[in-house]
Amino acid sequence: MKFQLYSKNEIKERPKRRLVTVESYVIGNNAPSVLICPGGAYKFVSDSNEGRPFAEKLNERGYNAFVLFYSVGSGNARYPYPMEDVARAIQFIKSRSDEFNTDPNGFALMGSSAGGHLCSFFATQYERFECEYEGKTYSLKPKALVLAYPVITMGELTHKVSRNNFLGLFTGKPERDAASVEKHITQDYPPTFAWHNKDDKSVSYKNSVMLEQALNEKSVKNEFIYYNTGGHGIGLAEGKEAEGWADRAIDFLDSVF
């Protein structure tokens, strides 16, 4: 089931907010939830291979899942709009934990490619987006992250289309550094699982290496897996070297929850 995340008045303020929705894959059982942010270079939301299949896999392993259709496209993907969408989705899901029969305190983010940047960057910035929602304030800090071939840096090794959509065409080093996840890791950063293919021609696997190094420097729990082949955007990687990564990722979530 799909839910709109913004009110009529909020959509009136910025009409493209009407496109921001969350799709529920709920099993209940007072189980933890995972909010999934598919990739798509901040240009589109790749639900068919990085949304629904991930949600169904999480359901099989006992997790509730939600797929976020966040702000994408020229102008619409500009910071902070996608970050606001993640915050609103978390607020929406937590505020309805009784209705969904989900654990309001058990919450993780899962993102692929540009969606991986959105999730990992949000984990450095979540406090900026905490505000009252329907009369209550909710913690927006995820308990864990799962990242598939993520964009991490906005610097030299970035995915340029993602950077242009998120930051705009004309940015300097200060703006790029401000949105580069590896430069904002603290000891309080959530436990993180990530995987990447070394032959990825779209998003260099060195993005994940940069994040892994930053997490290790701050002694943050993490697990990173690097596969030799598979390229980019392969979702569950069925029939490829990385097949089975999702179960390893969920094992990691189990160790956190």
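The values are calculated or read from the model by the stated rules, or taken from the named source; none is laboratory data. Every value quoted in this text rests on a predicted model; they were computed, and no experiment measured them. Please note: Cβ atoms are built from the backbone with ideal geometry, for glycine as well, and neighbour counts cover all protein chains shown.
For Y226, the conditions (1) under 26 Å from A77 (Cβ atoms); (2) in contact with a strand residue (DSSP E or B) (Cβ under 9 Å, 6 or more places away or on another chain); (3) among the hydroxyl-bearing types (S, T, Y); (4) free of Cβ contacts under 8 Å to residues at least 60 places away in the same chain all hold with the exception of (1).
Of all the residues in the range 101-150, those that are assigned to a strand (DSSP E or B) and either modelled with pLDDT under 95 or not small (G, A, S) (or both) number 15.
Taking (1) at pLDDT below 95; (2) assigned to a helix (DSSP H, G or I) in turn, G75 satisfies each apart from (2).
Out of all the residues in the range 44-56, which are touching an Asp or Glu at 6+ places or on another chain (Cβ under 9 Å) and surrounded by 20 or more Cβ atoms within 10 Å (Cβ to Cβ)? Residues satisfying the conditions are G51, A55.
With the requirement that a residue be among the acidic types (D, E) and more than 15 Å from I36 (Cα to Cα), what does the range 85-117 give you? Talk me through it step by step, then tell me what you get.
Here is the first cut: in the range 85-117, the residues among the acidic types (D, E) are 85, 98-99, 103.
Result: D98, E99, D103.
Among the candidates Y227, Y149, Y138, Y189, the residue that is of a type in the set (S, T, Y) and more than 30 Å from D103 (Cβ to Cβ) is uniquely Y227. Can you tell which of N64, N59 is within 21 Å of F252 (Cβ to Cβ), in contact with a strand residue (DSSP E or B) (Cβ under 8 Å, 6 or more places away or on another chain), modelled with pLDDT of 95 or more and crowded, with 24+ Cβ neighbours inside 10 Å? One residue alone meets the criteria, N64. Per the conditions (1) without any contact (Cβ under 8 Å) to a residue 12 or more places away in the chain; (2) among the acidic types (D, E); (3) part of a loop (DSSP other than H, G, I, E, B); (4) within 24 Å of D47 (Cα to Cα), the sole criterion not satisfied by D251 is (3).
Within the range 186-236, being more than 14 Å from H117 (Cβ to Cβ), β-branched (V, I, T) and not in a loop (DSSP other than H, G, I, E, B) holds for V209, I225.
Look at V34 and say whether it is within 19 Å of F252 (Cα to Cα), outside any loop (DSSP other than H, G, I, E, B) and out of contact with any Gly (no Cβ under 8 Å at 6 or more places or on another chain). Against the criterion (within 19 Å of F252 (Cα to Cα), outside any loop (DSSP other than H, G, I, E, B) and out of contact with any Gly (no Cβ under 8 Å at 6 or more places or on another chain)), V34 qualifies.
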